[in-house]
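In what follows, a structure is listed as structure tokens, so that the remarks can point back to it.
The values are calculated or read from the model by the stated rules, or taken from the named source; none is laboratory data. This is a predicted model, so every value here is computed, not measured. When we count neighbours, we look across all protein chains shown, and the Cβ atoms used for this are built from the backbone with ideal geometry, even at glycine. Ligands, DNA and RNA are stripped out before the accessible areas are found, and what is left, the full protein with its side chains, is counted by its heavy atoms. Shrake-Rupley method; radii C 1.70, N 1.55, O 1.52, S 1.80 Å.
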Amino acid sequence: MNIEALARWMDEQGISPGDPVEASPVSGGASNEIYEIRRGDRRMILRRPPRSAPDGRDATMLREYRVLKALNGTDVPHPEAIAVCADAGVIGSSFYLMGHVDGWSPMNGDGWPEPFRSDLSLRPGLAYELVDGIAKLGNVDWRARGLEGFGRPEGFHDRQVDRWLSHLRTFEFREIPGLDVAAGWLRRHRPRHWEPGIIHGDYQFANVMFRHGAPARLAAMIDFEMATVGDPLLDLAWVVMNWPDEGEDRHRYVDHTGMPDRADLIERYARVSGRDVDDIDYYVILARFKMAIVLEGGYARAVKGESDNPKQAYFGDIVLKLAAEAADLAATTRP
């Protein structure tokens, strides 16, 4: 990080001009590099592509910032958009600054923090806050917030199957049973009536932060790199597609003990968003179909020795499970 160049750019943007700049790495890897920036009394977060970023990562940075800026002033919890730089000559890549979020991530530490670790009666609030976030996100007036042209909501569902199968063909190296069954069902059962809205694209506990203490309060949605304008019910499906009900194994990548069941979350979303959720099975099948292909891309890179993320080597069985579950739901759900 070229601190001097960053400080000059921040001066030009009027961001605490003149004060010294301090930068501390928060995380870095294949997705993004994240730094905490301190200047005067301000704490900010800088996001930039990794040094070995594939083509298009600079554009993704600019898209992320555009969403955050659009959300400024709305009721959607998110990091404040502060400033963006598209000039790679400043620090070697595009980047943006967002506000520091005072909160905690479900991915940090060993399990839920107190009081959610010991008091199971508080855990439903975490789930409901998670769902309320996308209910609010999907209801933002995206046109009024400057996101016209950000996505292509027209024909959104018409494109989904072919788009993701086309993506699969760029790295396909094995048969994935069930994927063709799900694809055929999705083509035959596209929703006829739906209302476009902002989609996060990878919405789950891993991509949110909560405020400290009880009751549960969503502090921010983060990681908008897959965001677009499309059908917000896909975000709901992303949450519930692998959500365990009572009586199922509730220890997933987070501990779901004490959490509401899938039906409770779907009802909560319908009440807060005002959207019709009768066709949720379609969206769950689409979410599993899409996730299987996304993870297969990571697994293919691991098999070829092209991945620097060791977790991707374990995606193979997950892909097969998701494809089979998508096909099973397609075979049993009502048309």
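Across region 85-102, which residue is farthest from A23 (Cα to Cα) among those that are surrounded by 19 or more Cβ atoms within 10 Å (Cβ to Cβ) and under 20 Å from the mean Cα position of the chain (by Cα)?
The selected residue is V101.
Can you tell me which residue in region 136-154 is farthest from A227 (Cα to Cα), limited to those that are in a loop (DSSP other than H, G, I, E, B), hydrophobic (A, V, I, L, M, F, W, C) and at pLDDT 95 or above? It would help to see each step written out before you state the result.
Of the residues in region 136-154, the ones in a loop (DSSP other than H, G, I, E, B) are 139-154.
Next, only the ones that are hydrophobic (A, V, I, L, M, F, W, C) stay: 140, 142, 144, 147, 150.
Now restrict to residues that are at pLDDT 95 or above: 140, 142, 144, 147.
On the way: V140: 13, W142: 12, A144: 17, L147: 11 Å.
Result: A144.
Anything in region 250-263 that is open to solvent by 40 Å² or more (accessible area, probe 1.4 Å) and under 24 Å from G316 (Cβ atoms)? List them, or say none.
Residues satisfying the conditions are H251, R252, Y253.
Please go through region 224-234 and give me each residue that is in contact (Cβ under 8 Å) with a residue 60 or more places away in the chain and either in a loop (DSSP other than H, G, I, E, B) or open to solvent by 50 Å² or more (accessible area, probe 1.4 Å) (or both), ordered by number.
Result: F224, E225, A227, D231, P232.
Which is over 22 Å from the mean Cα position of the chain (by Cα), charged (D, E, K, R) and buried (at least 19 other Cβ atoms within 10 Å of the Cβ), of R8, R43, R39? I'd like the intermediate steps shown before the answer.
Working: R8 fails: buried (at least 19 other Cβ atoms within 10 Å of the Cβ); R43 fails: buried (at least 19 other Cβ atoms within 10 Å of the Cβ).
Sole residue among the options that is over 22 Å from the mean Cα position of the chain (by Cα), charged (D, E, K, R) and buried (at least 19 other Cβ atoms within 10 Å of the Cβ): R39.
Suppose we filter P244, P260, P215 for residues that are under 22 Å from G109 (Cβ atoms), out of contact with any Lys or Arg (no Cβ under 7 Å at 6 or more places or on another chain) and of a type outside the set (F, W, Y); which single one remains?
On the way: P244 fails: out of contact with any Lys or Arg (no Cβ under 7 Å at 6 or more places or on another chain); P260 fails: under 22 Å from G109 (Cβ atoms).
Result of the check over P244, P260, P215: P215.
Considering only region 235-267, how many residues are assigned to a loop (DSSP other than H, G, I, E, B) and of a type outside the set (K, R)?
Filtering region 235-267 down to residues assigned to a loop (DSSP other than H, G, I, E, B) leaves 241-250, 252-254, 256-261.
Still in the list and also of a type outside the set (K, R): 241-249, 253-254, 256-261.
Qualifying residue count for the region: 17.
Looking only at residues that are closer than 17 Å to D102 by Cβ and at pLDDT 90 or above in region 16-34, which one is most open to solvent (accessible area, probe 1.4 Å)? Don't jump to the end; show me each part of the working.
From region 16-34, those closer than 17 Å to D102 by Cβ are 24, 26, 34; that's our starting set.
Applying the additional criterion that residues be at pLDDT 90 or above yields 24, 34.
Details: S24: 60, I34: 33 Å².
If we take residues in region 16-34 being closer than 17 Å to D102 by Cβ and at pLDDT 90 or above, then S24 is most open to solvent (accessible area, probe 1.4 Å).
Conditions tested, residue by residue: (1) modelled with pLDDT of 95 or more; (2) over 27 Å from A216 (Cβ atoms); (3) crowded, with 21+ Cβ neighbours inside 10 Å; (4) in contact with a helix residue (DSSP H, G or I) (Cβ under 8 Å, 6 or more places away or on another chain).
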{"residue": "R51", "(1), (2), (3), (4)": "no, yes, no, no"}
{"residue": "E64", "(1), (2), (3), (4)": "no, no, yes, no"}
{"residue": "V67", "(1), (2), (3), (4)": "yes, no, yes, no"}
{"residue": "N72", "(1), (2), (3), (4)": "yes, no, no, no"}
{"residue": "A83", "(1), (2), (3), (4)": "yes, yes, no, yes"}
{"residue": "L130", "(1), (2), (3), (4)": "yes, no, yes, yes"}
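Please verify whether region 264-282 includes one or more residues that are polar (S, T, N, Q) and open to solvent by 20 Å² or more (accessible area, probe 1.4 Å). Let's see the steps before the verdict.
At the first step, the residues of region 264-282 found to be polar (S, T, N, Q) are 273.
With the extra rule that they be open to solvent by 20 Å² or more (accessible area, probe 1.4 Å), the set shrinks to none.
Checked against the condition, which is being polar (S, T, N, Q) and open to solvent by 20 Å² or more (accessible area, probe 1.4 Å), region 264-282 yields no hits at all.
Kindly list, by first and then second residue, each pair from a residue in region 276-287 that is more than 16 Å from F156 (Cβ to Cβ) and in contact (Cβ under 8 Å) with a residue 60 or more places away in the chain to a residue that is surrounded by fewer than 20 Cβ atoms within 10 Å (Cβ to Cβ) and charged (D, E, K, R), limited to pairs with Cβ atoms under 8 Å and residues at least 6 apart or on different chains.
Taking only residues 6 or more apart or on different chains, not a single pair turns up.
Under the condition of being more than 29 Å from R188 (Cβ to Cβ) and among the basic types (K, R), which residue from region 297-328 is most open to solvent (accessible area, probe 1.4 Å)?
Checked region 297-328; the qualifying residue most open to solvent (accessible area, probe 1.4 Å) is K311.
In this structure, is S121 within 28 Å of E267 (Cβ to Cβ), touching a residue at least 40 places away in the same chain (Cβ under 8 Å) and open to solvent by 70 Å² or more (accessible area, probe 1.4 Å)? Break it down into steps so the answer makes sense when it comes.
Working: within 28 Å of E267 (Cβ to Cβ): yes; touching a residue at least 40 places away in the same chain (Cβ under 8 Å): yes; open to solvent by 70 Å² or more (accessible area, probe 1.4 Å): yes.
Here the answer is yes, as S121 does meet what is asked.
Identify all residues within region 9-49 that are in contact (Cβ under 8 Å) with a residue 24 or more places away in the chain, over 30 Å from G298 (Cβ atoms) and of a type outside the set (A, V, I, L, M); write none if there are none.
Listed by number, the residues that qualify are W9, Q13, S16, R39, G40, D41, R42, R43.
Could you please find all residues in region 152-163 being in contact (Cβ under 8 Å) with a residue 40 or more places away in the chain and either open to solvent by 20 Å² or more (accessible area, probe 1.4 Å) or not aromatic (F, W, Y) (or both)? Before you say what the answer is, go through the steps one by one.
Here is the first cut: in region 152-163, the ones in contact (Cβ under 8 Å) with a residue 40 or more places away in the chain are 152-153, 156-157, 160-161.
Passing the criteria: R152, P153, H157, Q160, V161.
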